[in-house]
Each structure stands twice: as structure tokens, then as C-alpha cells.
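Colleague: Here it is: the structure, laid out below.
The values are calculated or read from the model by the stated rules, or taken from the named source; none is laboratory data. Just so it is clear, the structure is predicted and the values come from calculations on it, not from any experiment. Glycine gets a Cβ as well: all are built from the backbone with ideal geometry, and neighbour counts include every protein chain shown.
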Amino acid sequence: MRLDPTLHAHSSAALDSDARPCVAEELATFAGVDPRDPEPMVAARAIVALTDLSFAARMRHIEGGLRGRELRCAVVADLERAARLLDAGLWSLHLLAQGARTRQQMRDAAAAAEDARRQVLDALRQARSAWRELTTR
């Protein structure tokens, strides 16, 4: 069973052009970065490439004579091997997202500390004012 290479190329190009920007957008949202940044763009390409790999693995194993459960297991094994390879790269996207969240948490903590400082200063001013009022009576 051979699929027309032109049809496969067209189908791959359509999937890449349709799915890749959506995947990049979702990954960028997760990471808190611009979808045009290198990390979500490359990660999206890698994830979409898994679909192409699935098709290629299926064709290769069918040509090798596999069918049914054996075919499915062989394709899944190929996808798992590819996913393990991608895992290290996608982990760095996770670290980027964690870093962005950590930076935001630090900014939030600094803003809360500044707010607390202002409240303490206001309380001290009120206490001084109340003390002056008591001592002048």
C-alpha cells in the first residue's frame, strides 16, 4: 500500500499550516510568552510533527507486513520513542513558563510588601496624631 507522495505532502502542509499556529498560541499562553517567541514556535512544530510521524510509522509498518494490534503497538512504540526525544526540549518550555510565573509572583510579592509598608506608615501617622491629641488635653 503506497500513498501518493504529493497527497501526503499536501496533507502534511495543510496540517502544519492549520494546527501549528494554534498549538504555538496555546503553548505561549501556558508559558506567558509571545507566540512568536522561539520556544512556542519550535515546540509547536515538534508536536505537529508527531502527527506526521504517526502517518509515516503506520505506512512503514504496513509495508513491513504488520496489521491490527501489532501495527498499532508498533506505531505507538515509534511515537513514544519520538515523544521521549521531544520531552527534554519541551521541559525547557515548562521551565520558561515556571520562570515567567515566578517573576510574576516576585512582582506580586513586592507590590504586597509595598502596600503593607504604606499601611504601617499610615498606622504610625495615625498613632502619632492620636498621641499628640491625648498629650495636649
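Colleague: Out of the residues in region 11-28 that are modelled with pLDDT under 90 and surrounded by fewer than 16 Cβ atoms within 10 Å (Cβ to Cβ), which is nearest to LEU95 (Cα to Cα)?
Modeller: Taking the candidates together, the pick is ALA19.
Colleague: Return yes when LEU96 is touching a helix residue (DSSP H, G or I) at 6+ places or on another chain (Cβ under 6 Å), in a helix (DSSP H, G or I), over 24 Å from ASP18 (Cα atoms) and in contact (Cβ under 8 Å) with a residue 60 or more places away in the chain and no when it is not.
Modeller: In short, yes.
Colleague: Which condition breaks for ALA130 when tested against (1) at pLDDT below 90; (2) under 27 Å from the mean Cα position of the chain (by Cα)?
Modeller: (2)
Colleague: Sort through ALA49, ALA116 and tell me the only one that's closer than 19 Å to ARG20 by Cα and over 15 Å from the mean Cα position of the chain (by Cα).
Modeller: Step by step, each of ALA49, ALA116 is checked, and only ALA49 is closer than 19 Å to ARG20 by Cα and over 15 Å from the mean Cα position of the chain (by Cα).
Colleague: Mind listing just one residue for me: the one in region 66-100 that is of a type in the set (Asp, Glu) and either over 13 Å from the mean Cα position of the chain (by Cα) or more than 23 Å from VAL48 (Cβ to Cβ) (or both) and, of those, surrounded by the most Cβ atoms within 10 Å (Cβ to Cβ)?
Modeller: Of everything passing the filter in region 66-100, ASP78 is surrounded by the most Cβ atoms within 10 Å (Cβ to Cβ).
Colleague: Look at region 103-128 and say how many of its residues are closer than 30 Å to GLY32 by Cβ and of a type in the set (A, V, I, L, M).
Modeller: Number of matching residues: 7.
Colleague: Yes or no: region 101-115 includes at least one residue that is among the aliphatic types (A, V, I, L, M), touching a residue at least 60 places away in the same chain (Cβ under 8 Å) and surrounded by 10 or more Cβ atoms within 10 Å (Cβ to Cβ).
Modeller: Within region 101-115, none of the residues are among the aliphatic types (A, V, I, L, M), touching a residue at least 60 places away in the same chain (Cβ under 8 Å) and surrounded by 10 or more Cβ atoms within 10 Å (Cβ to Cβ).
Colleague: Within region 70-126, track down each residue that is under 29 Å from ILE47 (Cα atoms) and small (Gly, Ala, Ser).
Modeller: ALA74, ALA77, ALA82, ALA83, ALA88, GLY89, SER92, ALA97, GLY99, ALA100
Colleague: Here's a follow-up. Any residue in region 25-45 that is at positive phi sitting within a Cβ distance under 8 Å of a residue that is assigned to a helix (DSSP H, G or I) and aliphatic (A, V, I, L, M)? List the pairs, counting only those 6 or more apart or interchain.
Modeller: GLY32/ALA97; GLY32/ALA100
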